[in-house]
């Protein structure tokens, strides 16, 4: 019997994938990455086995996520279009690496994911996986089943007694990690209405955030944030603390119209407290220490870099070459940025170099 390794989230969509892949006579192995999401993954791994998976892999990849993916994006000043700091897109190459690694170790013939076949993630996963292993065969069960909406998933699951994911996950197609939350409202006729209050996960509503500002200091060395308020922090700890502080002060909320890879427009709701704080701090100190010509040229490359990440082209010679450029530029970025956080705003107070 052939094996398949599935990128598994524990939600309704990937639970359907486990069920469908089994029905095709495949032995299913699931993989989940701990990237800073809010829920415990062990019960979801147990759920995969209960659904019929042969093995459920779980890996804590938070440190790798920060070191190998988030830090390069900080140095690149990567932001897609108006306000997307690439929280979900940035996880796809890392997850793909693990899928390919497990497929080789387990002698899997196939790799599978829960994308629908017409969205960004279908292209991202396929691009990343094929870049790592051009010979591997990729399956997208939701595409094969023509399940195009969350409501389609729920109906399919209920008809086959497949356990549903959480209510929030089902309603909002929620994905969170260290670098932010991506929230998609589920009902097409509600896409342009005011988002319900409980849509948001990481941030306090502006009107409920503290009436007193907080001042923080972030120290950079060679473009990397190494200390908060003069206390040395490893990268993961610093991001986790900034998410809590920034979320409390309503930092990093955005509700935007975004151009998808296909060219379609979509409404995207994001929360990115730590990412927003670090992006603003890095941008501020960059403008102080870098010369005009370098800054202007870097802005063009930053846009291209964010597009590569957004499109799932992380494993490309162009991205690697741009990393070399941004690393060289970041060597000059040393100093401290003092910021005031207040009612959703990051206000630069002082910059020391």
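At a 10 Å Cβ-Cβ cut-off, how would you order 260, 292, fewest neighbours first?
Neighbour counts put them in this order, fewest first: 292, 260.
Relative to a virtual label point 7 Å from the Cα of residue 1 in the Cα→beta-carbon direction, which members of the range 21-60 show backbone nitrogen distances below 19 Å?
From the range 21-60, the list is 21-31, 46-57.
For the residue pair residue 192 and residue 226, what label-to-label distance in nm results when each label sits 7 Å from Cα along the Cα-to-beta-carbon direction?
Taking the simple label geometry, residue 192 and residue 226 are separated by 5.0 nm.
With a cut-off of 17 Å, note down the residues of the range 23-52 whose backbone N falls inside the zone around a label point 7 Å from the Cα of residue 137 toward its beta carbon.
23-29
With the crude spin-label approximation of a point 7 Å out along Cα→Cβ, what separation in nm comes out for residue 54 versus residue 81?
Computed distance between label sites residue 54 and residue 81 equals 4.1 nm.
Counting only DSSP beta bridges with both residues in the chain, what percent are antiparallel, rounded to the nearest 5? Can you show the working numbers first?
Numbers: 34 of 51 bridges.
So the antiparallel bridges in the chain amount to around 65 percent.
Apply 1/(1 + (r/R0)^6) to the Cβ-Cβ distance of residue 149 and residue 215, taking R0 = 41 Å, and write down the FRET efficiency to the nearest 0.05.
Computed FRET efficiency for residue 149 and residue 215: 0.35.
Could you tell me the calculated FRET efficiency between residue 323 and residue 160, based on Cβ-Cβ distance and R0 = 41 angstrom, to the nearest 0.05?
Details: r = 45 Å, r/R0 = 1.11.
It comes to 0.35.
Would you order 20, 314, 192 from fewest to most other beta-carbon atoms within 10 Å of each residue's own beta-carbon?
Working: 20 21, 314 24, 192 9.
Least to most surrounded, the residues fall as 192, 20, 314.
Taking Cα pairs under 8 Å and at least six residues apart, what relative contact order does the range 86-160 come out at, in percent?
Relative contact order here is 32 percent.
Going by average Cβ neighbours within 10 Å, how do the peptides 214-223, 10-19, 120-129 rank, with the highest at the top?
Working: 214-223: 18.0, 10-19: 24.5, 120-129: 21.9.
Going by the mean number of other Cβ atoms within 10 Å, highest first, we get 10-19, 120-129, 214-223.
Under the classification rounded if a/c is under 1.5, otherwise prolate if a/b is larger than b/c and oblate if not, where does the range 1-118 fall, given a ≥ b ≥ c as square roots of the Cα gyration tensor eigenvalues?
Verdict is prolate for the range 1-118.
Calculate the FRET efficiency for residue 350 and residue 207 from the Cβ-Cβ distance with a Förster distance of 30 Å, rounded to the nearest 0.05.
That pair, residue 350 with residue 207, gives E of 0.55.
Taking other Cβ within 10 Å of each residue's Cβ, how do 276, 266 sort, fewest first?
So the residues, fewest neighbours to most, are 266, 276.
So, in nm, how far is label residue 241 from label residue 264 when the simple model puts each one 7 Å beyond its Cα toward the Cβ?
4.3
Counting residues in the range 182-352 as N, plug N into 2.2 N^0.38 Å and put the Cα Rg over that result.
Taking N as the residue count of the range 182-352, the ratio is 1.14.
May I have the convex hull volume per residue, in Å³, for the Cα set of the chain?
Measuring per residue, one finds 132 Å³ for the Cα hull of the chain.
On a full-extension model of 0.36 nm per residue, what is the gain between residue 109 and residue 67, subtracting their alpha-carbon distance, rounded to one decimal in nm?
Here the answer is 12.1 nm.
Below 8 Å, C-alpha to C-alpha, sequence gap of six or more: please give me the relative contact order for the chain in percent. Walk me through the intermediate numbers first.
Numbers: 677 pairs, mean separation 71.1, N = 353.
Reported relative contact order: 20 percent.
Readers should treat all values here as calculations from the given coordinates under stated rules, not as data from a laboratory. Note that the structure is a prediction, hence the values are computed from the model and not measured. Neighbour counts run over all protein chains shown; Cβ positions are idealised from the backbone, glycine included.
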